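Step one of this worksheet: look at the structure below.
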Amino acid sequence: MFDATTILAYKSKEKAVIGGDGQVTFGNSVLKGNATKIRTLHHGKILAGFAGSTADAFNLFDMFEEFLVNKKGDLLKSVVEFSKAWRKDKVLRRLEAMMIVLNQEHIFILTGNGDVVEPEDGEIASIGSGGNFAISAARALKKHADLDAEILVKESLHIAADLCIYTNHNIKTLILDGDKQ
């Protein structure tokens, strides 16, 4: 995991939600507290989040968007082809970066090592330095509380921010709502 951020994604029956904190650090200093590390892709039908260097994020988001266009928005085909390209590129594969991408059907964690991981439960994924705190909180809240998907993501990220020094409480979320698509 990276000392960079916390990104959490949750896919319920009704919604797909991704959230992230806004803290950007350099060593032991906070450079910015309100960065946006999540975005929508492919005409608002795919959500993506990034942990790692912010400069690298822009390149990887743009690169992934090209794969989505070439594969006509098919997330599964896009992540496989994207991971192959990321792993083969000598410069990109050295990036210390991870991405989460999701839509209403799938959720994946992607790395420069060529990893394409779909969570075992198919519902919750996290990356970044506070990722383990966020996913633990999300699993507990899902099991013991009847929360809207966006609230579950926000509350889990706030718990992670209480525990991880590289995560702050400036939480942003993006939503794909099955009823509104």
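Miscellaneous remarks
- Sparsely packed loop sites in segment 117-181 (the GluC sites (Glu not before Pro) outside DSSP H, G, I, E and B with at most 14 other Cβ atoms within 10 Å) comprise Glu120.
- Each Lys and Arg contributes +1 and each Asp and Glu -1, all at the Cβ; summed about the Cα centre of the chain, the dipole is approximately 400 debye.
- Over the residues of the chain, the helix contribution to mean residue ellipticity at 222 nm works out to -11000 deg cm²/dmol, using -39500 (n - 2.57) for each DSSP H run of at least 4.
- Distance between the pseudo-spin-label points of Lys84 and His144 (7 Å out from Cα toward the beta carbon): 4.5 nm.
- In the chain, taking the dipole from charged Cβ atoms about the Cα centre, the farthest positive-side position among Gly114, Ala48, Leu141 is held by Gly114.
- Dipole in debye (nearest 20) - segment 75-149, about Cα centre, beta carbon charges: Lys, Arg +1; Asp, Glu -1: 480
- Aspartates and glutamates with Cα under 15 Å of Lys71, excluding same-chain neighbours fewer than 8 positions away: Asp62, Glu81
- Loop sites in segment 17-107: GluC sites (Glu not before Pro), DSSP, at most 15 other Cβ within 10 Å: Glu96, Glu105
- Cα-based reach from Lys72 at 28 Å (exclusive), listing lysines while leaving out same-chain residues under 8 positions away: Lys11, Lys13, Lys15, Lys37, Lys45, Lys84, Lys88, Lys90, Lys172, Lys180
- Cα point-scatterer Debye curve for segment 28-81, base-10 log of I(q)/I(0) at q = 0.15, 0.16, 0.18 Å⁻¹: -0.46, -0.51, -0.62
- Of the trypsin sites (Lys or Arg not before Pro) in segment 10-76, those whose Cβ has at most 14 other Cβ within 10 Å and which sit in DSSP loop: Lys13, Lys72
- Here the extension length gained between Arg94 and Asn28 equals 21.5 nm, from 0.36 nm per residue of separation less the Cα-Cα distance.
Values quoted throughout were computed directly from the atomic coordinates according to the rules given, and no laboratory measurement underlies them. Please read all numbers here as calculations on a predicted model, not as lab measurements. Glycine also receives a Cβ, built like all others from the backbone with ideal geometry; neighbour counts cover every protein chain displayed.
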